[in-house]
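Here the structure is laid out as C-alpha cells; the discussion comes afterwards.
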Amino acid sequence: MEALQQDLLPLAYMITPNIPEACRLLGIDQIRNEAEMQEAAKRLHELGPAYILLKGGHMQGERSVDILYDGRNMELLEAPRIDTPHTHGTGCTLSAAITAELAKGRSALEAAAAGKEYITAAIRHALAIGGGIGPTNHAAYRLYNN
C-alpha cells in the first residue's frame, strides 16, 4: 500500500476508486454519505493524482452519485440507481470508457460524464448469464441510446 501511495498515485492522471477501495487507500473504516465522499476525494487528491473520480455505487439511495475532484472543483455525476445483481466489471468498464474519451481529446469532466452515461446503460441492460453476478452489457450504449 505504501508503494502504491508514494510511487504510483502521484503519477496518475485520474484514479477511480469505489468506496471500499477509497477506505483502504485512506486507512478509514467507512464512508457513509456524500459529505464524507467529498472529504475522502480531497484526501485522495493529496496523494497526487490530478483527478479523483470517487464512485458511489456502494452507497445507498435512489441515485448513484460519483464525485469528480481536481483539487479545486467538486463535480457530482448522478444517475438513477439500477436494481440488478449483474454488475460484474463495472469499475473496469467505467475506467475503459473514460480512457477512450480522454484519448479522443475530451476534458476529464467530459470523459467522466460520458463514462457515467456508458456504464449506466451497460448496467441497465446487463446480461443475466450463468448463476451468479452477470456482466455489464458493453453494447448497450450503442444499442439503446440512439
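Every number here is computed from the coordinates shown, using simple stated rules; none is lab data. As the structure is a prediction and not an experimental result, all values here were calculated from the model. Please note: Cβ atoms are built from the backbone with ideal geometry, for glycine as well, and neighbour counts cover all protein chains shown.
Plugging the Kirkwood radius over Cα pairs into Stokes-Einstein for the chain, at a temperature of 4 °C and a viscosity of 1.567 mPa s, what D comes out in µm²/s?
Working: Rh = 15.7 Å.
It diffuses with D of about 83 µm²/s by this estimate.
From a point 7 Å beyond the Cα of ASP29 in the direction of its Cβ, which residues of segment 53-69 have a backbone N at a distance under 20 Å?
Residues 58-60 qualify, since their backbone N sits under 20 Å from the label point.
How big is the dipole moment of the chain about its Cα centre under a simple scheme where the beta carbon of each Lys and Arg is +1, that of each Asp and Glu is -1, and everything else is neutral? Debye, nearest 20, please. Kindly include the intermediate steps, with their values, before the conclusion.
Values: 13 positive and 17 negative charges, 79 e Å.
It comes to approximately 380 debye.
Helix 34-45 versus the longest principal axis of the chain: what is the Cα-based angle in degrees, 0 to 90, to the nearest 10?
60
Could you work out the helix-only [θ] at 222 nm for the chain, with each DSSP H run of four or more residues adding -39,500 (n - 2.57) and the total divided by the number of residues, to the nearest 500 deg cm²/dmol? Let's see the in-between values first.
On the way: 5 runs with 56 residues, N = 146.
Counting only the DSSP helices, I get -11500 deg cm²/dmol.
Grab the alpha carbons of segment 99-141, take their convex hull, and tell me the volume per residue in Å³.
Numbers: hull volume 2.9 nm³, N = 43.
Per-residue hull volume (Cα only) is 68 Å³.
Considering the alpha-carbon set of segment 1-81 alone, what are its Rg and its Dmax in angstrom?
When restricted to Cα atoms, segment 1-81 yields Rg and Dmax of 12.0, 37 Å.
Using only the alpha-carbon atoms, how far is helix 108-124 inclined from the longest principal axis of the chain? Give it as 0 to 90 degrees, nearest 10.
With rounding to tens, the tilt is 40 degrees.
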